[in-house]
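So the structure is just underneath, and the comments pick up after that.
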Amino acid sequence: MKKRIKPKIKETESTTFNQVLEEEEWYQKSFEKEDYPKETLNVSEWNECTFKDISFENSNLKDISILDCKFEHCDFSNVDFSSRAFYRVEFKSCKFVGTSFIKDYFHDTLFENCNLDYSNFVDSKIMNSEIVNSSLKESRFYTLEMSNLQFQDCNLSGLEIIDTSFKNIDVSTCNIENLRSNIDNLKNMVISREQAMDLISIFGLITKN
């Protein structure tokens, strides 16, 4: 498996959103303990930035590319991430409840200790990325292209999978109870022996001693 490339952040300058409202690119900026502005901003790219304890809830974040950034303890609940590109980005202990990722591109992206319950990943590509110790309960994967996506110790219970191949995707350390999918999407998915019983239940099969 190809190793994920971490964000390349040299140094950052502490600032506030009010100070960069008119800038089209945020470069080497650091934001902490603020609410993201509700109005639509001019910015189209975040590059080598860090965000800590920021609430983006219900914000408009469409068409912004994110490169070499880190987010910690941020709230993205109900945010629309349409048409976004994420390159070498880390999300740690962040909240994405009800968040929509539509026509997005993820490369070398990490979600760690994140709450992604009821989120929607639609018409997107996820490449060389990791989802670790995170919850995607009752979320939806719809027409995704995935390559070298690694799941580790995640809650995938009730995940709905539509027109998305999990071929060679290892979910053996995850909770896959009540997974919603047809069998074609799950062909060659890597599971544990114990999880085989979950899949038998999902597809309504009956075991006989």
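The values are calculated or read from the model by the stated rules, or taken from the named source; none is laboratory data. Every value quoted in this text rests on a predicted model; they were computed, and no experiment measured them. For neighbour counting, all protein chains shown are included, and Cβ atoms are generated from backbone atoms with ideal geometry for every residue, glycine included.
Remarks
- Scanning the stretch 139-162 for residues that are among the small types (Gly, Ala, Ser) and part of a loop (DSSP other than H, G, I, E, B) gives 139, 157, 158.
- Of residues in the stretch 14-24 being of a type outside the set (Val, Ile, Thr) and surrounded by 11 or more Cβ atoms within 10 Å (Cβ to Cβ), the one farthest from the chain's Cα centre (by Cα): 19
- Only one of 172, 165, 201 that is over 18 Å from the mean Cα position of the chain (by Cα), assigned to a loop (DSSP other than H, G, I, E, B), among the hydroxyl-bearing types (Ser, Thr, Tyr) and surrounded by fewer than 18 Cβ atoms within 10 Å (Cβ to Cβ): 172
- Within the stretch 140-152, one or more residues are touching a residue at least 60 places away in the same chain (Cβ under 8 Å) and not β-branched (Val, Ile, Thr).
- Among the residues listed as 56, 51, 81, the single one being of a type in the set (A, V, I, L, M, F, W, C) and within 15 Å of residue 115 (Cα to Cα): 56
- Positions within the stretch 38-53 being assigned to a loop (DSSP other than H, G, I, E, B) and surrounded by 13 or more Cβ atoms within 10 Å (Cβ to Cβ), in sequence order: 41, 43, 48, 49
- Hey, residue 194 surrounded by fewer than 18 Cβ atoms within 10 Å (Cβ to Cβ), closer than 24 Å to residue 117 by Cβ, of a type outside the set (Ser, Thr, Tyr) and at pLDDT below 90 or not: yes
- Filtered residue count, the stretch 175-191, keeping only those that are free of Cβ contacts under 8 Å to residues at least 24 places away in the same chain, closer than 20 Å to residue 119 by Cβ and not in a loop (DSSP other than H, G, I, E, B): 2
- Tally, over the stretch 160-171, of residues that are touching a Ser or Thr at 6+ places or on another chain (Cβ under 6 Å) and modelled with pLDDT under 95: 0
- Condition met for residue 101 (in contact with a Cys (Cβ under 7 Å, 6 or more places away or on another chain) and not β-branched (Val, Ile, Thr)): no
- Single condition residue 81 does not satisfy, out of (1) modelled with pLDDT of 95 or more; (2) surrounded by 16 or more Cβ atoms within 10 Å (Cβ to Cβ): (1)
- Of all residues in the stretch 54-72, those satisfying the criterion of being part of a loop (DSSP other than H, G, I, E, B) and buried (at least 16 other Cβ atoms within 10 Å of the Cβ) are 56, 57, 59, 61, 64.
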